[in-house]
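J.: Could you have a look at this structure, given as structure tokens, before my questions?
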Amino acid sequence: MDATEAASKLEQELEEDFHGSTVFRGEVSVVIPDSRIKDALKFCREALSFDYLVDLSGIDNMDEEPRYGVIYELYSYQYGCHLRIKTGVDEAERELPSVVDLWPTANWHEREAYDMFGITFKGHPDLRRILMWEGYPFFPLRKDFPLAGKQSDMPDVAFSESAPLEGGPFVTSPTSAGTDKREPRSRETHS
């Protein structure tokens, strides 16, 4: 099976909820409405053997409807093919279902889309900011965010002394556990 065949099978599964596919430079992209995105992704994972979520990224289509979008980059190791799935996100809701239960790698990707665009993922096990500090009132990758940034109250922790790289306060511990268990933790609170 290649990506074109996968897109065709996805179209048969979703029928009228399949909003088309395009091929550009050999890469297949399909468009699915947000109301069926979880069904489509679950079908890709379980029936089409797309066992790896390569990336999930947010997008701001300012002055278009829907304003926001999420792009899922899937890969099948069994068939050696790549499939891109796109969906729109309504500006009023800015919410999609989480796919962490399908691909654990979605954890940090969804957190980043939340942090940078304000897109929330219902059912995410730990949806909190990943790059900006908690309480930061803006979403830096939105197109209406000024290039020079915005004034905000920065917590005092941002101006603390620099930590040594080796054995610093936030380190990962050697382990054979998955990436979802290796998030840097403070040594003082999570030994």
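FYI, it's all coordinate maths here, none of it is from the lab. Note that the structure is a prediction, hence the values are computed from the model and not measured. A quick note on method: Cβ atoms are made from the backbone with ideal geometry, for glycine too, and the neighbour counts reach across all protein chains shown.
J.: Tell me whether the stretch 74-83 contains one or more residues that are in contact (Cβ under 8 Å) with a residue 24 or more places away in the chain, in contact with a His (Cβ under 9 Å, 6 or more places away or on another chain), over 30 Å from Asp144 (Cα atoms) and buried (at least 19 other Cβ atoms within 10 Å of the Cβ).
T.: Looking for residues that are in contact (Cβ under 8 Å) with a residue 24 or more places away in the chain, in contact with a His (Cβ under 9 Å, 6 or more places away or on another chain), over 30 Å from Asp144 (Cα atoms) and buried (at least 19 other Cβ atoms within 10 Å of the Cβ), one finds at least one in the stretch 74-83, hence yes.
J.: Further, regarding this structure: Among the residues of the stretch 33-44, is there at least one that is surrounded by fewer than 13 Cβ atoms within 10 Å (Cβ to Cβ), part of a loop (DSSP other than H, G, I, E, B) and touching a residue at least 12 places away in the same chain (Cβ under 8 Å)?
T.: No, that holds for no residue.
J.: Further question on the same structure: Among the residues of the stretch 71-108, how many are more than 25 Å from Glu5 (Cα to Cα) and outside any loop (DSSP other than H, G, I, E, B)?
T.: The total comes to 6.
J.: Here is a further query. Counting only residues that are among the aliphatic types (A, V, I, L, M) and touching a residue at least 60 places away in the same chain (Cβ under 8 Å), how many does the stretch 55-73 have?
T.: Number of matching residues: 1.
J.: Look at Glu95 and say whether it is acidic (Asp, Glu), in contact with a helix residue (DSSP H, G or I) (Cβ under 9 Å, 6 or more places away or on another chain) and more than 21 Å from Arg111 (Cβ to Cβ).
T.: So Glu95 does not fit the description; no.
J.: Restricting to the stretch 4-19, what's the tally of residues that are of a type in the set (Gly, Ala, Ser) and within 22 Å of the chain's Cα centre (by Cα)?
T.: Of the residues in the stretch 4-19, 2 are of a type in the set (Gly, Ala, Ser) and within 22 Å of the chain's Cα centre (by Cα).
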